[in-house]
1. Could you list, in sequence order, all residues of the range 36-50 that are among the hydroxyl-bearing types (Ser, Thr, Tyr) and within 16 Å of Ala104 (Cβ to Cβ)?
2. In this structure, does Ala136 turn out to be touching a Phe, Trp or Tyr at 6+ places or on another chain (Cβ under 9 Å), within 27 Å of Ala57 (Cα to Cα) and of a type outside the set (Val, Ile, Thr)?
3. One residue is enough: does the range 167-187 have a residue meeting the conditions among the charged types (D, E, K, R), loosely packed, with under 13 Cβ neighbours inside 10 Å and either in contact (Cβ under 8 Å) with a residue 12 or more places away in the chain or more than 21 Å from Leu35 (Cβ to Cβ) (or both)?
4. Please go through the range 101-110 and give me each residue that is open to solvent by 40 Å² or more (accessible area, probe 1.4 Å) and either closer than 20 Å to Ala141 by Cβ or among the aromatic types (Phe, Trp, Tyr) (or both), ordered by number.
5. Looking at Asp232, Asp190, which is the one that is acidic (Asp, Glu) and either farther than 25 Å from Glu62 by Cα or in contact with a Ser or Thr (Cβ under 8 Å, 6 or more places away or on another chain) (or both)?
6. Looking at the range 1-100, what helices (runs of 4 or more DSSP H) fall wholly within it and have at least 2 residues that are open to solvent by 50 Å² or more (accessible area, probe 1.4 Å) and within 20 Å of Ser207 (Cβ to Cβ)?
7. Looking at the range 204-232, which of its residues are over 15 Å from the mean Cα position of the chain (by Cα), open to solvent by 20 Å² or more (accessible area, probe 1.4 Å) and either at pLDDT below 95 or closer than 21 Å to Ile6 by Cβ (or both)?
Amino acid sequence: MDMLLIAGLWLDASAWDDVVPELAALGHRAVPVALPGQGDGDASATLADQRAAVLAAVDAAEGKPLVVGHSAAATLAWLAADARPGKVGGVALVGGFPAPDGRAYADFFPIVDGAMAFPGWGPFEGPDAADLDEPARDRLAAKAAAVPVPEGVARGVVHLADERRFDVPVALVCPEFTPAQAREWIAAGDSPELARARRLAYVDLDSGHWPMATRPRELAHVLVEFGRELAD
């Protein structure tokens, strides 16, 4: 199965470098998706541009791919399910929940000079970054500082249109939070999109918010297991 890997904010496609060989060793073709505006220096990129890049990867995939979205990119993975419900085999959301229709994609931090810069580790202290030692933090922060998110991406408005997206199987991978917490949040109305998903699995992964950096082998096995369930 092709697995399309979409990195979250302040990350480029190299975020998956440790996961790709693990997936290959397990017999799957991993395709990190290069997002306009995240690593290519295109400050004018928009959410529509990133959506188009993801859909191009879906259209180029063999068979029905598994689309994996990390953190905020859970929304990009869900946009793929909305636009290609008959082509996307499944969606895996790693530490993130899809934004609903009409909501800004990721307007979380101040926009300065047309971009949302990495805010440092302060907002992520606690479970998010608990498994990152100082060298790992330094490496991630250096990469993140080089990949500010263009305003047109962060403040782009999410548009969802096809109800068939709710038929696409979803795995919510729970790294810095537990499946029990995720269920409570969804039941409380915090994720109206996942509340309507007809086939939603919760997968526990004991890590922080960036398991591709700290638990790449375990993350690969989680994705492969979900892919196997899709194939059955």
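1. Thr46, the sole residue that qualifies.
2. Details: touching a Phe, Trp or Tyr at 6+ places or on another chain (Cβ under 9 Å): yes; within 27 Å of Ala57 (Cα to Cα): no; of a type outside the set (Val, Ile, Thr): yes.
Judged against the criteria, Ala136 is not a match.
3. Narrowing the range 167-187 to residues among the charged types (D, E, K, R): 167, 176, 183-184.
Narrowing further to those that are loosely packed, with under 13 Cβ neighbours inside 10 Å: 184.
Still in the list and also either in contact (Cβ under 8 Å) with a residue 12 or more places away in the chain or more than 21 Å from Leu35 (Cβ to Cβ) (or both): 184.
So far as the range 167-187 goes, yes, one or more of its residues are among the charged types (D, E, K, R), loosely packed, with under 13 Cβ neighbours inside 10 Å and either in contact (Cβ under 8 Å) with a residue 12 or more places away in the chain or more than 21 Å from Leu35 (Cβ to Cβ) (or both).
4. At the first step, the residues of the range 101-110 found to be open to solvent by 40 Å² or more (accessible area, probe 1.4 Å) are 101-103, 107-110.
Of everything in the range 101-110, those that are open to solvent by 40 Å² or more (accessible area, probe 1.4 Å) and either closer than 20 Å to Ala141 by Cβ or among the aromatic types (Phe, Trp, Tyr) (or both) turn out to be Phe108, Phe109, Pro110.
5. Numbers: Asp232 fails: either farther than 25 Å from Glu62 by Cα or in contact with a Ser or Thr (Cβ under 8 Å, 6 or more places away or on another chain) (or both).
Result of the check over Asp232, Asp190: Asp190.
6. Details: elements: 20-25, 47-60, 74-83.
Once the helices (runs of 4 or more DSSP H) in the range 1-100 are filtered for at least 2 residues that are open to solvent by 50 Å² or more (accessible area, probe 1.4 Å) and within 20 Å of Ser207 (Cβ to Cβ), what remains is 20-25.
7. Answer for the range 204-232, where residues must be over 15 Å from the mean Cα position of the chain (by Cα), open to solvent by 20 Å² or more (accessible area, probe 1.4 Å) and either at pLDDT below 95 or closer than 21 Å to Ile6 by Cβ (or both): Asp206, Thr214, Arg215, Arg217, Glu218, His221, Glu225, Arg228, Glu229, Leu230, Ala231, Asp232.
So that you can scan it fast, the table gives a plain yes or no per residue for (1) at pLDDT 95 or above; (2) over 17 Å from the mean Cα position of the chain (by Cα):
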{"site": "Pro135", "(1), (2)": "no, yes"}
{"site": "Ala146", "(1), (2)": "no, yes"}
{"site": "Pro169", "(1), (2)": "yes, no"}
{"site": "Phe177", "(1), (2)": "yes, no"}
{"site": "Ala182", "(1), (2)": "yes, no"}
{"site": "Arg198", "(1), (2)": "yes, yes"}
{"site": "Ala201", "(1), (2)": "yes, no"}
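The values are calculated or read from the model by the stated rules, or taken from the named source; none is laboratory data. Keep in mind that this is a model prediction, so the values were computed, not measured. Here Cβ is always computed from backbone atoms with ideal geometry, including for glycine, and neighbour counts include all displayed protein chains. Only protein heavy atoms, including side chains, enter the accessible area calculation; ligands, DNA and RNA are left aside. Shrake-Rupley method; radii C 1.70, N 1.55, O 1.52, S 1.80 Å.
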